[in-house]
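Reading through the structure tokens given below for one structure.
The values are calculated or read from the model by the stated rules, or taken from the named source; none is laboratory data. Here the structure is a predicted model, which is why all the values come from computation and not from measurement. As a convention, Cβ positions derive from the backbone with ideal geometry for all residues, glycine included, and neighbour counts pool all protein chains shown. Quick note on the areas: whole protein, heavy atoms, side chains included, nothing else; ligands and nucleic acids left out. Shrake-Rupley method; radii C 1.70, N 1.55, O 1.52, S 1.80 Å.
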Protein chains: 2
Amino acid sequence: MKTIEMEDEPTEVDRPSGPEKRGRKASKEVRRQQLIEATIDSLAKRGYSETTMADVADGAKLSRGIVNFHFESKEKLLVATLQYMYDEYSAHWRNAYEKAGDNTADQLKALVAADFDRAICNKRKLAAWCAFWGEAKSRPTYQALSGARDTAYQNLLSDLCSRLKTEAGYDFEPQALALALSALLEGLWLRLMMGLEDVSRETALQAANAFLLTAFPKHYTSEKNGLQRLDTREAPLLMK
Amino acid sequence: MKTIEMEDEPTEVDRPSGPEKRGRKASKEVRRQQLIEATIDSLAKRGYSETTMADVADGAKLSRGIVNFHFESKEKLLVATLQYMYDEYSAHWRNAYEKAGDNTADQLKALVAADFDRAICNKRKLAAWCAFWGEAKSRPTYQALSGARDTAYQNLLSDLCSRLKTEAGYDFEPQALALALSALLEGLWLRLMMGLEDVSRETALQAANAFLLTAFPKHYTSEKNGLQRLDTREAPLLMK
DNA sequence: CAAAATTTGCTGAACATTCATTCAATATAG
DNA sequence: CTATATTGAATGAATGTTCAGCAAATTTTG
């Protein structure tokens, strides 16, 4: 049973990347960021139930009492960490969507691809997400933030599915298909996180693309390197 | 923000359903079962990190030291609980598969429907599953059992996808589509567990069926009450 | 059949450990 | 010098584990 290597991005805060102060004293914000990164490390390495204040402090190479100074309590540190990951994920898919241009099929393809981007989708982050999922049901505070794919995301997916439907005349239910798609993405994350089977970022993206291909056969075609968009006659090119 | 009610099946072991002894003394196996059910309750109610031996014992209405007597340690109790859920899930889908008859499309439909059966898919069980998922990465012991949809399940899905492909000449990659399907099912479970959005067992099943419908348009058609199988000419009816 | 002996299941107080939190003392920056 | 950041030992609460003893069931003995 071989384990698939999923490249980890190194913690970015550790190395002094600019004029920020490291070592003896640093600003409130820099320390908070540093502690949040250490928290993600600990969640990924030891899981939620075994993540301790001491481990976080050690990971940040600071003293034991430091977390209570910057965040007041363990609970608040964890909420801040979850909020951080939530914000990062939101910014990431919104950015991918912005940059995708005006074509609906391209936009959907970009959203799906964004989910498997190294910056978001790596062992460390996925493990941290999953750690929170495991606690979300019993903690109201986590519940709202644990579903990274929130209402805005879900609405956008529904909208894109609707548009593709009217463009090419599919006969699916846009709401149901959008739900299926986002559940699929989350499910693939879960597989990646578990890391037992032969599922890598690449095969996961292939599976997601296989879905797009079967659901929107008039919009995409299969190519060597993933998905290719097909031109739809119904969309006149107004821009040029 | 309204929460969707997902009906809970009551704990089955509590009521004396047969000649088993309750009250003062009971056999080893009955007690173990009872404690496992109490563990699932606790996991669902409080999450993994706040499930304590005391809570499990209280839930089973037994004394504090009881768990260490029947299982030796908390760790072993949790492994036994996970194993129990794994076995139950396995038996459930295998049974659904057996009863589905000889038609490949029916078999696939039955497997998908089985995932949203009350017996398997209820708030209590899903919450317990998710609690384990959150710890799986950092605990080798959990890893093998946490993926309820195991290799055997995955292979069966791949096989069914292959057959449908040859029956009707789709052009997807069976492996990738099977991975997408099982990830979709797991992702829907995750949504159901979170219970924030308007996702009920019924809408989840609809989303899964929407997937089947788009992926295998020559095998299924949409009906009021879910999915209907279409006859494929390529499958001669040898039986009658 | 009845009493005694033994096995088996169970209890709950005591113990040890882990861990979040507090805070007085200390070091650094401005 | 003053305000701010940091340290690390002390504290206390929570909790998993142990175990001596008790009670019900079962077997043995008279």
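Between copies, the label points of B:GLU29, set 7 Å from Cα on the Cα→Cβ line, lie 6.5 nm apart, reported in increasing order to one decimal in nanometres. For the stretch B:84-229, the relative contact order comes to 23 percent (Cα pairs under 8 Å, sequence separation of at least 6).
Given B:GLN34, B:ILE120, B:LEU212, which one lies farthest toward the positive end of the charge dipole of the protein assembly as shown, if we put +1 on the Cβ of every Lys and Arg and -1 on the Cβ of every Asp and Glu? Of the listed residues, the answer is B:GLN34. Each other residue within a Cβ distance under 11 Å of B:ALA105 adds +1 if Lys or Arg and -1 if Asp or Glu, for a net charge of 0.
Of all chain B residues, the one whose Cβ lies closest to the rotation axis that maps B onto A, given with that distance rounded to whole Å, is B:GLY134, 1.
Taking the centroid of alpha carbons for each part, the stretch A:176-209 and the stretch A:144-168 are 17 Å apart. With 32 Å as the limit on Cα-Cα distance, the pairs of B:LYS45/B:LYS137; A:LYS74/B:LYS45; A:LYS99/B:LYS165; A:LYS45/B:LYS125; A:LYS28/A:LYS125; A:LYS74/B:LYS137 that go past it are A:LYS99/B:LYS165. Inter-copy label distances at B:PRO140, shortest first and taken from points set 7 Å along Cα to Cβ: 4.2 nm. What's the carbon and sulfur percent of the stretch B:84-229's accessible surface, probe 1.4 angstrom, rounded to a whole number? About 48 percent, which is the carbon plus sulfur part of the accessible surface.
Label points for A:ASP231 are taken 7 Å from Cα along Cα→Cβ. From this copy to the others they lie 4.3 nm apart, shortest first.
Using a 10 angstrom cutoff on alpha carbons, build the Gaussian network for chain A and name the most mobile of A:MET85, A:MET193, A:MET53. Most flexible of the set in this elastic network: A:MET53. For the stretch A:137-238, a crude dipole built from +1 on the beta carbon of Lys and Arg and -1 on the beta carbon of Asp and Glu, taken about the Cα centre, is about 200 debye to the nearest 20. Working from label points 7 Å from Cα in the Cα-to-Cβ sense, the B:THR52 to A:SER222 distance is 5.5 nm.
Which whole-number percent is the relative contact order of the stretch A:137-190 (Cα, under 8 Å, 6+ apart)? Rounded, it is 30 percent for the stretch A:137-190. At a probe radius of 1.4 angstrom, the accessible area of chain A per residue rounds to 48 square angstrom. Whole-percent P(r), the protein assembly as shown, all Cα pairs, 20 Å bins from 0: 22, 53, 23, 2, 0.
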